[in-house]
Amino acid sequence: MKSTFRPALIIFAILTLICGVIYPYAVTGIGKLAFSSQAEGSIVIQNGAAVGSSLIGQAFSSPQYFWGRPSATGPMPNNAAASGGSNLGPTNPALLHAVKSRIDVLKAADPDNIAAVPVDLVTASGSGLDPDISVAAAYYQIPRVARTRKLAQEEVKAIVDRISQPQYLGFFGENRVNVLALNLALDQR
């Protein structure tokens, strides 16, 4: 037994050094060199202060701001430590109730808006942390945001169009709008 213990201990120490120290530092270093913003959390700085991350949705509730996708990370919305979906199926009464409640909130915030509510404004994503909404979801909110900010809808639409991003690689997903970037652009206008 003594003859196998020493080699096993040496192999354990070497693998611990490689897998527990060298590899993590190497991957972190490569990440910081190749993708420095993402490796640092894609923190958005404004006036010297961090205002959020472009990769994690923030909860906006004021009618003068565009609202993001609902978060499934309750009870605290957009909690990255609790990332995950709700696991509620499409026929689950709790999901149907949540969607109806979200539609009611949107309709109450903009009762004159008779357009169909885009699905991404009433359903949470798999992670519950989406920073983006569809262009249709942004367009749906333009009347409310323009009215509360006392702006022309065309001016707000122009900001949405300027901030919107195309599909990933030209064919993955759909055109999208980063909610934090959009709200910051509105505040800066």
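The values are calculated or read from the model by the stated rules, or taken from the named source; none is laboratory data. Just so it is clear, the model here is predicted, and its values are computed rather than measured. Please note: Cβ atoms are built from the backbone with ideal geometry, for glycine as well, and neighbour counts cover all protein chains shown.
Looking at the structure I just gave you, is Ala115 touching a helix residue (DSSP H, G or I) at 6+ places or on another chain (Cβ under 6 Å), at negative phi and outside any helix (DSSP H, G or I)? Steps first, please.
Values: touching a helix residue (DSSP H, G or I) at 6+ places or on another chain (Cβ under 6 Å): yes; at negative phi: yes; outside any helix (DSSP H, G or I): yes.
So Ala115 passes the test.
Could you say whether any residue in the stretch 7-14 is closer than 30 Å to Leu180 by Cβ, of a type in the set (Gly, Ala, Ser) and assigned to a helix (DSSP H, G or I)?
To start, the set of residues in the stretch 7-14 that are closer than 30 Å to Leu180 by Cβ comprises none.
No: the stretch 7-14 contains no residue that is closer than 30 Å to Leu180 by Cβ, of a type in the set (Gly, Ala, Ser) and assigned to a helix (DSSP H, G or I).
So how many residues does the stretch 155-176 have that are assigned to a strand (DSSP E or B) and without any contact (Cβ under 8 Å) to a residue 12 or more places away in the chain?
2
Tally the residues that are farther than 18 Å from Asp132 by Cβ and touching a residue at least 40 places away in the same chain (Cβ under 8 Å), restricting the search to the stretch 177-189.
Number satisfying all stated conditions: 0.
Which pairs have Cβ atoms under 8 Å, sit 6 or more apart or on different chains, and link a residue in the stretch 129-146 that is within 15 Å of Ser71 (Cα to Cα) and assigned by TED's automatic domain parsing to the domain that holds Gln167 to one that is among the small types (Gly, Ala, Ser) and assigned to a helix (DSSP H, G or I)?
From residues that are within 15 Å of Ser71 (Cα to Cα) and assigned by TED's automatic domain parsing to the domain that holds Gln167, the pairs are Leu129/Ala80.
Of the residues Leu95, Leu88, which single one is surrounded by 13 or more Cβ atoms within 10 Å (Cβ to Cβ) and assigned to a helix (DSSP H, G or I)?
Result of the check over Leu95, Leu88: Leu95.
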